[in-house]
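What follows is calculated from the coordinates using simple rules that are stated; it is not laboratory data. The model shown is predicted, which means the values in this text are computed figures rather than measured ones. So basically every Cβ, Gly included, is an ideal-geometry build from the backbone, and we count neighbours across all protein chains shown.
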Amino acid sequence: MDDSRDMFGDTPPWDEDDADDKPDAAELEAAGQQSMFGAPEPEATPEPKPTTAELEAAGQSAMFAEATEPAVVPAQPKPVEAPSAKPAPAGTTAQPYRVLARKYRPQTFAELIGQEAMVQTLANAIKRDRLAHAFLMTGVRGVGKTSTARLIAKALNCIGPDGQGGPTIDPCGQCEPCVAIAEGRHIDVIEMDAASHTGVDDVREIIEAVRYAAVSARYKIYIIDEVHMLSRNAFNALLKTLEEPPAHVKFLFATTEVDKLPVTVLSRCQRFDLRRIPAPMLAGHFAHVCAKEGVEAEAEALAMVAAAAEGSVRDGLSILDQAIAHADLDGEGQVRADKVRDMLGLSDKSVQRKLIAAILDGKGGDLLDLVAHQFALGVEPIALMRGLMDLTHRVAVAQVSGSAEAHSTEEREAIEGWAKSLRAGQLHRLWQLLLKGHDEVKSAPDPLVAAQMALLRIMHASDMPDPGALVRKLEEIASRAPAAPVAEQGSAASGAPVATSPAAISPRWEALVDDVEHAGEMSAANTMRMQVRVVELSPGLLRYAQPPGFNEDIVAVLRGGLQAATGERWQVEKVAGEGAPTLVEVHQVKKTADAEALRSSPLVEATLAAFPGAELIQEDRQAAIGGGGRNWRR
C-alpha cells in the first residue's frame, strides 16, 4: 500500500520528482527502434510531433469509428513572421483609424489656437504661484474647453523628463504624469461627465474623496464636463467644498451654457471665456492638418470649411474629414472647392456674383435661369439667399474699409467694383430686401417660388432712388428754376420794397413754415400761416405785409421762429404793400377751387339734376392749417 497510489489516486509526494523524470511512450519507442535498427539519418526538417489534442482526436476516431477515412494528423504550420518584419500594405494602419478631431487634439498650450489671452493668464499665474483652486472654461462647442482642462492638469502635475520639475505652462509630455493624463488613465485626474452624473450622490462621492491626498501626482484634479447639467441640490452640496477645498485639490469645470450656473458657483471660480476661432486662423490650421495628413487642398476649399465651422475647431475638423473622404472617391485625392461646395450644399460664389449683376442690371430672365440652375444642382433657396446676403455684406465692408475680403482675384475685383459704383444707401436697401426675402423663403410653402419672387422684387427696386436721393433731386430741380421776376424799384424817396412773384414765393415760404413748426415753434408757425403776406424772401431777410384785420406787432415772433428753424439771425421788416397771399388764403382759394371742380364734375351735376333738393356736403379732416392733409369727401 505504501508503494502504490494513495486512496485518492494521487502519487505520493516523495514519488513526484521521479514521476516527472520518467520518459514518455514516444521516447521509449524511439530508443527501442534505435537499438534494433541503428540511429536514423538526421532529416533536414524534422517532422513536428502531434499535439495532445490531435492524439486524443485520433484515439476517439479509432475507438468509436466516427471517421470514414483514416485520420490524418495535420502538419504543423510554418511559424509566422512577426508583423514588424513584413511591411504593411499601402493604405492600412496598425491601429484603427482615429478621426481628425481626436487625432489633432491639442497636447500643449502652443497647439491651442485662438486662446492667447487665457494661455498668458495661466502662464503668469503659474510663474507667480497664484493658482486658483477652481477654473471655469466656457464657450461654444469645439473651441477647446475640455482640452484646456486636460492641459491645465498636465501643467500642474508635470515633473519633467528628469522627475525634478514643477508646475509649468509648457508640460514636457514625456514624464509619467503627462503620459498618463494624455491617455486618460491617471489615478489622480478624475474626469466626470455631469450630463450622466447629475445627482447629489455623485457630488457626495467627490466630497468624500477630496479629503484623501493624491496618490502619485502633485494635485488631485477633478474635471467636470458640462457642469451646467448638475442639479440644484448637487450644486448646493458642492458649494462648501468648492469654496474651501484642500490644498492638494483643483476643480476644472467646462460648460457651453454658463448662464445656467448659479451665481454662487461662478463667484468661486476663475472664469475663462474661450473665443470662437476666426475663419482665417481656422483655414490656416486646416492647411497644417492637411500637410501632416499628406492631402492636397485648395485654399478656397479650406476657406469654405472654415466658414462652415462657425468658429469651432472640432466642427471644422469633422467637415474636413468628410471632405477628404469625399475627395478620395474620384481617385484624385485633392480637396477641391467645387467638391466641398457640393458636399455642403453651398451656392457657387461665381453664381452669386452673376446673380447680383443680374439684379443690378435688371436682367430678369438671366436671374430666373441662374436660380433654376442652382436649384437643379441641389442648392437650397435659403442657402442661395444667405450667399447673396454674405456677398452684399462684404461689398458694404469693402466700401467702408477700402479693402475687399475675397478668396480669388475675380471675386476681389468684382467686390471692389461694386463698392465704388454703388452708394451706401443702395447697399443698405439691398441688404434689407434680401433679409426680408430670406424670412419669406424660410417660411414659404414653396421656397423656390418665394426666392424667385423675392429676387425679382429686389431687381425692380434696385433702380429706384432712395428717399434721401429723391429729396436732393427735388432740391436740385428747385435750385435750377429761373429766378423770380423782381419789380422795378421805386424812387429812393418813396422807399418802395422789392416784390417777388407770389408763384415763386409760395412753395419756399410753405417749406420754411414747416421747418419752423418742426423746430417746436407751433405758435410762430400758425402766425406765419395766418398773418404773413410775403413781399420779399431771401436768405436771412423777410419783408412782409399783414392782411386786413391784423395790426399787432409780430416781428419778434417771426424772428424767433425763423432763427429756431434755421439757426441763423433774420432781418424781419413789415412794409406797406400787398405781397403774396398768406398760406391760409392760399388754402382757402384751393379749397374753393376744389369745391367748384367737384360741383362741376359730370357725375355730381347728373346727381344734382336727378335730385333737385340735394345738397353737397363736404367734410374736411385737416391735420393742420396749410399742412397738406387729405380731404375725405362724401
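Brief remarks on what is shown
- With a Förster radius of 56 Å applied to the beta-carbon distance between Leu344 and Ser523, the computed FRET efficiency rounds to 0.30.
- Cα-projected label distance for Ser421 with Glu573, points at 7 Å along beta-carbon direction, nm: 5.5 nm
- Once the Kirkwood radius over Cα pairs is known for the range 349-466, the Stokes-Einstein relation at 20 °C and 1.002 mPa s delivers a diffusion coefficient of 150 µm²/s.
- Relative to the current alpha-carbon distance between Glu296 and Val140, full extension at 0.36 nm per residue lengthens the span by 53.2 nm.
- The residue list Thr527, Val575, Pro507 was ranked by how far each Cα lies along the charge dipole of the range 502-585 toward its positive end, using unit charges on Cβ atoms, and Val575 comes out on top.
- Taken about its Cα centre, the range 279-344 carries a charge dipole of roughly 200 debye when the Cβ of each Lys and Arg holds +1 and the Cβ of each Asp and Glu holds -1.
- Global geometry of the range 502-585, whether rounded, prolate or oblate, following the gyration tensor of its Cα atoms and the 1.5 cut on a/c: rounded
- Unit charges on C-beta of K, R, D, E only; dipole of the range 502-585, Debye: 160 debye
- Relative contact order (percent, whole number), the range 223-264, Cα cutoff 8 Å, 6+ residue spacing: 67 percent
- Centroid-to-centroid separation of the range 355-372 and the range 138-184 [C-alpha atoms, Å]: 56 Å
- Cross-link table Lys103/Lys220; Lys250/Lys292; Lys240/Lys260; Lys292/Lys339; Lys339/Lys420, entries beyond 24 Å C-alpha to C-alpha: Lys103/Lys220; Lys250/Lys292; Lys339/Lys420
- Approximate spin-label separation Ala110-Ala383, in nm, with each point projected 7 Å along Cα-to-Cβ: 4.0 nm
- Rough spin-label spacing in nm, given labels placed 7 Å along Cα→Cβ, for His326 and Ala609: 7.8 nm
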